[in-house]
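Where a number appears in this text, it was derived from the coordinates with a stated rule and is not lab data. Bear in mind that the values here come from a model prediction, so they are computed numbers and not experimental data. Cβ sites come from the backbone with ideal geometry, for glycine too, and all protein chains shown count toward neighbours.
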Amino acid sequence: MANGIIEKVKERATSIWEKVHGSEVAESILRPGSPFKKGYSDTPRNRSYVIMNNVLYHLHPVKVKRHGVRLSYTLCLGGISFFLFILLTITGIFLMFYYAPTAEAAYSDVAALSTSVAFGSLVRNMHRWGAHFMVLSVFLHMSRVFYHGAYKPPREFNWVVGVILLLLTLLLSFTGYLLPWDQLALWAVTVGTNMAGFVPVFGDQVKFLLLGSVEVTADTILRWYVLHVLFFPFIIVIFMAVHFWRVRKDGGISGPL
Amino acid sequence: MSDIPEHLLRRSAEAKAKALGIPVEQVLAEMTGEAAPTPMDIGEQPKVETVAAAEPASPAAEPASEPVTPSQESAPMAQPTAASADAGALEDIDYDAAAAKAGMPASLLKRSVEAKAKASGGSPAGVLAEMLGEEAPAAPPAAATPPAAELAPVAVVTEAVAEVVEIPIAEPAAAASVAAEPPAASRSGGATAVAARPLAQPEAVPEGVRTQRLLTVVKANAIQQVKSEPTDKVSTWPHLMIMEFAALLAVTAVLVVLSVILQAPLLESANFNATPNPSKAPWYFLGLQELLSYFDPQIAGVTVPTIIGLVGFMAIPYVDRNPSTKPSDRKFAIFMFTFFMMGAATLTIFGVLFRGPGFNFTYPWADGIFFDDLKDWVDF
């Protein structure tokens, strides 16, 4: 008796799924060759379609060299850097819900994340450690590219874009450093911006531009918040788009295909 | 027809009228569909574009009526070797008459004959006779198979064009079969093409005369020569994508586990009056801060990061002209990069671990680590 009902439910569920999966809506969402499409079969043609008929085609060609896929060769550092950027964006948006960039609220907001927000502590930790990881992975990515000589023609310019991306990564990390508004943030940023003050001729102006004042003050926090959540992400996304585009155009991963 | 602007229609009609020697009003009436088209009109359609392509610059609008220049008349006499009966008297090289027969402007015919004579070393008259007479037997089959000519490869394009051009002159009926478009659609287009290159009178063309000239010969080589060795490739899906997905999962897992275990530092609230000792920058700037304790700030704070750190690194591909990517070929480059990286790492480690109060040198195992950023890592 019970088995019969379960069988019937299963049958009904299967038929509904079949209808949904084969519906016009599903057909319109999934482009030809999508592995999620009804009736997908693992053919060489479909394997090509998965990439070619997809936004992935902006990042990858249909085929790659076999040796380039070896884990020991690629290490996937560029991809990891990009993925960390995405993770940082997601966790950062979460943090923005609970954070006000004012001298009065900033510290207590960050402290409250650890105590009174669900998963607040975890997300903040992920954001912080992820930022350190990203600096590290971008740096390692650059080193690997150098040791493989992968900056050589035709990829010279993409190396330059990569150095800009490293600089932007450091700036993103550094602007985020101030936001908890604790002793660590305040004095690390003070030391860091003092270095900017040594720029010849217009050092004081550069420092003032960075801080919105002659010293780190409550005004600085809003300025760095905007730089951190809006300005630098905006710039870095543009440079990343160019970087990825040039990776594809200059020959893809591990040498011209 | 009504959707063609008035001034374009007018210009087209004028050109056509000039080419055919008929009143503009008649052409206009034809084009607007008020009068039956002249018989030639249909015959002209096949060469709408081809004629313009073959001879774009022939403003000599009046065919077979150009005066012969004195220099031509003083050209050396030639023996009429293979002159056919209908080629006429060739001794005085009457280019006008020959051009009328050949159905092409006299100036072009003259140039062609002279060039050919110069190339072959013969006399112009002989060459002309050859052109007019010798090829006569070959013409009828060529004119009878226009579709084949259309399908000819690039190398013989000019020839194909010429044959299509000849058709309306020789047998208008045969040419009609070549027409790709319906007559009404291409009527105005035909008019503009005629303006580009007027035709000779139909009755003046001897059979088999080529009215084209060779523009170029395209060799049967590919334009792009791809020389790449076949390499061992795999599909990005799933081979590369699965790797990337694994890396993505691994990074997420490590980060989540780390974030559960290690608490991000949060010291007491910012206090402008309590300067911690030592004050340290974030770890990626600690190498610079370490440099600052040795050098003038102008050097350590500005020159090193901007000149070496930014400009120097960006310039690497343009300075390193060694095309090889083999490690054994680029020992110097690898040495330099490693040297700078190790230097930066040493300075950073020094700044993180070996600097205590007042940024003075300390042994981390003796005095502890003065680095709040990684407090929990250290105290774990």
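Summary of computed values
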read-out	value
Local electrostatic count at B:PRO317 - Lys and Arg +1, Asp and Glu -1, tallied over other residues with Cβ under 13 Å	+2
Amide H partners (placed H, <5 Å) of A:LYS63, local residues excluded	B:THR236
Estimated FRET transfer efficiency when R0 is 35 angstrom, pair A:SER41-B:LEU215 (beta carbons, to 0.05)	0.10
In nm, spacing of pseudo-spin labels at A:ILE6 and B:ARG321 (7 Å Cα→C-beta vector)	7.8
222 nm mean residue ellipticity, helices alone, for chain A (DSSP H n ≥ 4; -39,500 (n - 2.57); rounded to 500)	-21500 deg cm²/dmol
Residue order, fewest to most beta carbons within 10 Å, for A:MET134, B:MET314	B:MET314, A:MET134
Long-range tail of P(r) for the stretch A:175-235 (Cα pairs > 14 Å, %)	53
Residue exposure sequence - A:LEU210, B:LEU286 - by fewest surrounding Cβ within 10 Å	A:LEU210, B:LEU286
Links that overshoot a 27 Å alpha carbon limit, given the list A:LYS8/A:LYS38; A:LYS207/B:LYS280; A:LYS63/A:LYS152; A:LYS152/A:LYS207; B:LYS118/B:LYS219; B:LYS116/B:LYS219	A:LYS152/A:LYS207
Listed residues A:HIS21, A:HIS141, A:HIS127, most fluctuating in chain A (Gaussian network, C-alpha, under 10 Å)	A:HIS21
Student exercise, chain A dipole from Lys, Arg, Asp, Glu Cβ charges, in Debye to nearest 20	1460
Peptide ranges A:150-161, A:2-13, A:227-238 listed from the most packed, as the mean C-beta count within 10 angstrom indicates	A:150-161, A:227-238, A:2-13
For chain A, built as a Gaussian network whose Cα springs stay under 10 Å, the top-fluctuating residue of A:GLY162, A:GLY39, A:GLY120	A:GLY39
